[in-house]
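Asks: The structure that follows is given in the form of structure tokens.
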Amino acid sequence: MNLVDEKTVRLSQLPTGRKGVIKSHEQSDFQLTLMEMGCVPGEPVWVEMIAPLGDPMAIQIAGYYLSIRKKDADNILVTLS
């Protein structure tokens, strides 16, 4: 995994079935849209599945499923739980 620090990774690096809590976002054009969809700091997130070729990935957040591209998930930092 691409560790940012000891317990923080990028959402795109979480394997299927792994849980975490959103820590922060890196600046991107898609940041506001992600936050509107429930990807806000402090929100628990769970990787439901990853497409066979690795993109997109389905996550469970804020009580629903969200399909997100790996390049967008790469901008979300998650603390492992």
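The values are calculated or read from the model by the stated rules, or taken from the named source; none is laboratory data. In this text, all values refer to a predicted model and were calculated from it rather than measured experimentally. Methodologically, a virtual Cβ is constructed for each residue, glycine included, from the backbone with ideal geometry; neighbour enumeration extends over all protein chains shown.
Asks: How many residues, within the range 19-64, are modelled with pLDDT of 90 or more, among the charged types (D, E, K, R) and over 13 Å from Asn75 (Cβ atoms)?
Replies: 3
Asks: Looking only at the range 30-81, filter to residues that are hydroxyl-bearing (Ser, Thr, Tyr) and in a strand (DSSP E or B); which one of those is farthest from the chain's Cα centre (by Cα)? If you could, list the steps in order and put the result at the bottom.
Replies: Within the range 30-81, the first condition is being hydroxyl-bearing (Ser, Thr, Tyr), and the residues that meet it are 33, 64-65, 67, 79, 81.
Those still in the list that are in a strand (DSSP E or B) too: 64-65, 67, 79.
Working: Tyr64: 14, Tyr65: 12, Ser67: 10, Thr79: 10 Å.
Looking at the filtered set, the residue picked out is Tyr64.
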